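S.K.: Submitted below is the structure of interest, expressed as structure tokens.
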Amino acid sequence: MSNPKHRLGRRELLVRAGGASLALGAAGAGVGSYLASAQAAPAAFGYTDDGSYYTVTTGGGLVFKVHRTNGDLTSLVYDGTQYQGYGGQNSQVESGLGSSAVSIAQSAGTILITVVHGTMHHYYAARSGENNVYMWTNKADASITATRYIVRVRPGLFPNNNPDSWDSATDTLIEAQDIRVKPDGTTRSKHYSNQRVIDYDYVGWCTGSVGMWMVRSNHEKASGGPFYRSLMRHHYTDGAGLYEILHYGENQTEAERFGLQGPYVLAFTDGGAPAASLYHDRLDTSWVDGLGLVGWTGRAGRGRVTGVGITGRDTAVPYTVGFANSEAQYWASASAGSGYFSCTGMLPGTYAYTVYKGELAVHTGSVTVTAGGTTMLHTIAVTADPSDSAAIWRIGDWNGAPTGFKNAALMTCAHPSDVRAAAWTGSYTVGTSATSAFPAYQWRDVNDGLLVDFTLTAAQAATAHTLTIGISTAFLNGRPRATVNGWTSAIPAAVSEPATRSLTVGSYRGNNHSYSWTVPASALKTGANTLRIDVVSGSTGTGYLSPGFAYDCVELLA
């Protein structure tokens, strides 16, 4: 695993560190002492114990310290530059575990630090010659809050102009304590670093000469499934943070899982991406088997599920197969050709599996995984895709997300009030308006009373039709109520959706739900007709925090 090319020459970085200290002023103060500390540490792979800290030298350019009484990571020196710390805080589980039992052991080419706090175990490991810190966190139960591991990074070391970055001096808070607007009208928040977990392997920054990355775990003990979005990093004038999410509550659709999550890897490089061999599905973890980690299950104790194929697919849309039970979650992408899939590294047990068209569940089943075994599923036939139903008209497509709608692409990385967002108001005409003219989101206090104009032939107007409105998530129990010409639907009952913010923090992902009504022929007209959609809710709020929802699809069936 040692990769010398992922290092930068020590002389080059010492020069850069000196420049940083001058540019950062007070923020750069203390670099000399950090360098002195690094020089005092052993040059070869090993560790020292001064009674207060364990100092680990990887032998590849990285030296880190762990506090002996609380398990915090207090120093990260890579090729002479200190990266750890802002605001007087360390890198740690949650916001610090407090008093803990911390021990260290070295065997062959591995150093392991064990942190025990109540029922929780956290681990740091170093491998000889590697510029990586491997970590695991075992949250055994709910007695200790553990939503994340955060690596806190000194300010001024990396570029700071991403959707998750902000300037505390010039940017103004507009929502809670975590969303800001810049003087140019664009919005920033730590929430806007989010990606669907299925779409990324690592997150971090690089300068072109140094890269600092968090390579995520397989998230088997996290929650939310393959399309879940959560904050991954943040960066502002006082410092930066990299996260491994253990369980995140924002717009969460599943209960918390417990057990060992990891390894996740804090990796330093010469400016490039972290080595692909560190990715969770490629990492060789055979060296971990003998470390004695509480809750660890090696590859020999895991199994896999393969699927021959999936029929009834829309070949223009990606399909994913998710697996979940109360203990773990996994997923695999289906091939575009046949729908074949293979999900490896699964803990033994019985799982509910779900076939997703895009992000919409279109088939469910059950499968049992055994240690060391392969369970093969025969061809799965998708028969519950609502897009297969004949429609007079359809706005968008059934894929579980507001794909293609107005502002949809922007809303995962910006606030709805962002200056770049098109006006949320405006009507829509079936057959004339582009899909991008239909709003991705609707709120009672922002763009209520959405009008959709459509035409019917005499034959179509002579019979009743089913109107269906699909949403991907809702805020404050928001749900749609439909009026067609002079007919108004009943108020639908509220359904289970996450109770936290969603639409303003970069997430449209909730518990997909569709609302259907039979529109009587007496309400329909030959020629021009108008559908009005209103948001109903028993809850109250204002602006973008008023009741609302994200659209998936709207259709009138034939």
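S.K.: Quickly work out the Ala336-to-Ala361 label distance, labels modelled 7 Å from Cα along the C-beta direction, and quote it in nm with one decimal.
M.R.: 2.8 nm
S.K.: What shape does the stretch 406-558 take by its C-alpha gyration tensor, where a ≥ b ≥ c are the square roots of the eigenvalues and a/c under 1.5 counts as rounded, a/b above b/c as prolate, and the rest as oblate?
M.R.: Here the stretch 406-558 falls in the prolate category.
S.K.: For the pair Ile491 and Ala316, how long in nm is the line joining their label points, each one 7 Å along Cα→Cβ?
M.R.: Simple spin-label model gives 3.9 nm for this pair.
S.K.: Along its three principal axes, how long is the stretch 67-110 when you only count alpha carbons? Whole Å, largest extent first please.
M.R.: 36, 31, 14
S.K.: Could you tell me the calculated FRET efficiency between Ala140 and Thr432, based on Cβ-Cβ distance and R0 = 45 angstrom, to the nearest 0.05?
M.R.: On the way: r = 58 Å, r/R0 = 1.30.
Efficiency at R0 = 45 Å is approximately 0.15.
S.K.: Continuing with this model, one more query. Express in % the proportion of alpha carbon pairs of the stretch 41-139 at distances exceeding 17 Å.
M.R.: Percentage above 17 Å: 46.
S.K.: Follow-up question, since we're still on this one. Please report the base-10 log of the normalised intensity I(q)/I(0) for the stretch 176-313, using a Debye sum with one equal scatterer per alpha carbon and no solvent, at each q in 0.10 (1/Å).
M.R.: -0.44
S.K.: Which distance in Å, rounded to a whole number, links the C-alpha centroids of the stretch 393-440 and the stretch 478-518?
M.R.: About 16 Å separates the Cα centre of the stretch 393-440 from the one of the stretch 478-518.
S.K.: Ok, one more. What does the charge add up to near Arg233, with Lys and Arg as +1, Asp and Glu as -1, over the other residues with Cβ less than 12 Å from its Cβ?
M.R.: Values: positive: Arg148, Arg152, Lys190, Arg216; negative: Asp164, Glu244.
In short, +2.
S.K.: I want to make sure I understand the PRE zone here: with the label point 7 angstrom from the Cα of Thr500 toward its beta carbon, which residues in the stretch 343-384 have backbone N atoms less than 17 Å away?
M.R.: Zone members listed by number: none at all.
S.K.: Starting from the Cα of Met376, move 7 Å in the Cα-to-Cβ direction to define the label point; list residues of the stretch 293-317 whose amide nitrogen is under 15 Å from there.
M.R.: It comes to 304-310, nothing else.
S.K.: If amide H atoms are built 1.01 Å from N in the plane of the peptide, which residues on other chains or at least 5 residues away come under 5 Å of the amide H of Tyr340?
M.R.: Ile310, Ser335
S.K.: Percent relative contact order of the stretch 192-273, based on C-alpha pairs within less than 8 angstrom and at least six residues apart?
M.R.: Relative CO of the stretch 192-273 lands at 42 percent.
S.K.: If you take the beta carbon distance between Thr207 and Asp49 as r and set R0 to 35 Å, what does 1/(1 + (r/R0)^6) give as a FRET efficiency, to the nearest 0.05?
M.R.: Values: r = 33 Å, r/R0 = 0.94.
Computed FRET efficiency for Thr207 and Asp49: 0.60.
S.K.: Rolling a 1.4 angstrom probe over the protein heavy atoms, how many square angstrom per residue are accessible across the chain?
M.R.: Per-residue accessible area for the chain comes out at 37 Å².
S.K.: Against the longest principal axis of the chain, how steep is helix 10-24, in degrees 0 to 90 to the nearest 10, with axes from Cα atoms?
M.R.: Relative to the chain, helix 10-24 is tipped by roughly 70 degrees.
S.K.: Please report, to two decimal places, log10 I(q)/I(0) for the stretch 62-215 at q = 0.11 Å⁻¹ as given by the Debye formula with identical point scatterers on the Cα atoms and no solvent.
M.R.: -0.53
S.K.: Right, here's the next one. Which far-off residues, 5 or more places away or on another chain, put their amide H under 5 Å from the one on Asn511, with H placed in the peptide plane?
M.R.: Ala474
S.K.: To continue, here is another question. Arrange the peptides 397-403, 546-552 so that the one whose residues have, on average, the most other Cβ atoms within 10 Å appears first.
M.R.: Details: 397-403: 23.6, 546-552: 26.3.
Ranking the peptides 397-403, 546-552 by packing returns 546-552, 397-403.
S.K.: Give the shape of the stretch 142-215 as rounded, prolate or oblate, defined through the alpha-carbon gyration tensor: a ≥ b ≥ c are the square roots of its eigenvalues, a/c under 1.5 means rounded, and otherwise the shape is prolate if a/b is larger than b/c and oblate if not.
M.R.: Numbers: a/c = 1.71, a/b = 1.17, b/c = 1.47.
Cα axes put the stretch 142-215 in the oblate bin.
S.K.: Next question, about the same structure. Please identify every one of the GluC sites (Glu not before Pro) in the stretch 249-278 that sits in a loop by DSSP and has no more than 16 other beta carbons within 10 Å of its own beta carbon.
M.R.: Working: sites: Glu250, Glu254, Glu256; in loops: Glu250, Glu254, Glu256.
In loop regions of the stretch 249-278 (DSSP not H, G, I, E or B), the sparsely surrounded GluC sites (Glu not before Pro) are Glu254.
S.K.: Using the alpha carbons of the stretch 309-429, what is the convex hull volume per residue in cubic angstrom, as a whole number?
M.R.: In the stretch 309-429, the Cα convex hull volume per residue is 141 Å³.
S.K.: A further question follows. Using packing as a proxy for protection, rank 405-412, 486-493 so that the peptide with the highest average count of other Cβ atoms within 10 Å comes first.
M.R.: 405-412, 486-493
S.K.: Quick one: which of Lys182/Lys406; Lys182/Lys221; Lys139/Lys190; Lys221/Lys357; Lys190/Lys406 span more than 28 angstrom between C-alpha atoms?
M.R.: Going by Cα-Cα distance, Lys182/Lys221 fall outside the 28 Å limit.
S.K.: Let me check against my output: what whole-number percent is the relative contact order of the stretch 413-477, with C-alpha pairs under 8 Å and at least 6 apart?
M.R.: Across the stretch 413-477, relative contact order equals 32 percent.
S.K.: Ok, one more. I'd like the Karplus ³J(HN,Hα) series for the stretch 454-464: coefficients 6.51, -1.76, 1.60, θ = phi - 60°, whole numbers in Hz, and an x wherever there's a Gly or Pro.
M.R.: 8, 10, 10, 7, 4, 5, 5, 6, 7, 10, 6
S.K.: A further question on this structure: Using r as the Cβ-Cβ distance of Trp287 and Asp178, and R0 as 41 Å, what FRET efficiency do you calculate, to the nearest 0.05? Walk me through the numbers on the way to the answer.
M.R.: On the way: r = 39 Å, r/R0 = 0.95.
E between Trp287 and Asp178, to the nearest 0.05, is 0.55.
S.K.: If you don't mind, another one. Net charge around Gly478, counting only other residues with Cβ within less than 15 Å of its Cβ (Lys, Arg = +1; Asp, Glu = -1)?
M.R.: Details: positive: Arg444, Arg479, Arg481, Arg501; negative: Asp445, Asp448, Glu497, Asp534, Asp552.
Net charge around Gly478: -1.
S.K.: Continuing with this model, one more query. So what are the ³J(HN,Hα) numbers for the stretch 543-558, from phi and the Karplus equation (6.51, -1.76, 1.60; θ = phi - 60°), rounded to whole Hz, Gly and Pro as x?
M.R.: Listing the rounded values in order: x, 6, 10, 8, x, x, 7, 9, 7, 10, 6, 10, 8, 10, 6, 5 Hz.
S.K.: Would you work out what percent of the accessible area of the chain, with all protein chains in place, is carbon or sulfur (probe 1.4 Å)?
M.R.: With neighbouring chains kept in place, the figure for the chain is 51 percent.
S.K.: How high is the relative contact order of the chain, in percent, with contacts defined as C-alpha pairs under 8 Å that are six or more residues apart?
M.R.: For the chain, the relative contact order is 11 percent.
S.K.: Quick one: which residues, 5+ away or cross-chain, put their amide H under 5 Å from the amide H of Ile174? H built at 1.01 Å from N.
M.R.: Ile179, Arg180, Val181
S.K.: On C-alpha positions alone, give me the angle between the axis of helix 31-40 and the longest principal axis of the chain, in degrees, nearest 10.
M.R.: Tilt relative to the chain: about 60 degrees.
S.K.: Through the Karplus equation 6.51 cos²θ - 1.76 cosθ + 1.60, θ set to phi - 60°, convert the phi angles of the stretch 177-190 into ³J(HN,Hα) values in whole Hz; use x for Gly and Pro.
M.R.: Rounded to whole hertz, the list is 10, 9, 10, 10, 10, 7, x, 8, x, 7, 10, 9, 6, 4.
S.K.: Taking all protein chains together and a probe of 1.4 Å, list His513, His117, His235 from the most accessible to the least accessible.
M.R.: The ordering from most to least exposed comes out as His513, His117, His235.
S.K.: Please compute, for the alpha-carbon atoms of the chain, the extent along each of the three principal axes and give them in descending order in Å.
M.R.: For the chain, the Cα extents along the three principal axes come out at 87, 57, 41 Å.
S.K.: Still on this structure, please answer the following. Rg and Dmax of the stretch 402-480 over Cα atoms: what are they, in angstrom?
M.R.: 14.6, 46
The values are calculated or read from the model by the stated rules, or taken from the named source; none is laboratory data. No experiment lies behind these values; they were computed from the predicted model shown. Neighbour counts run over all protein chains shown; Cβ positions are idealised from the backbone, glycine included. Heavy atoms of the whole protein, side chains included, go into the accessibility calculation; ligands, DNA and RNA do not. Shrake-Rupley method; radii C 1.70, N 1.55, O 1.52, S 1.80 Å.
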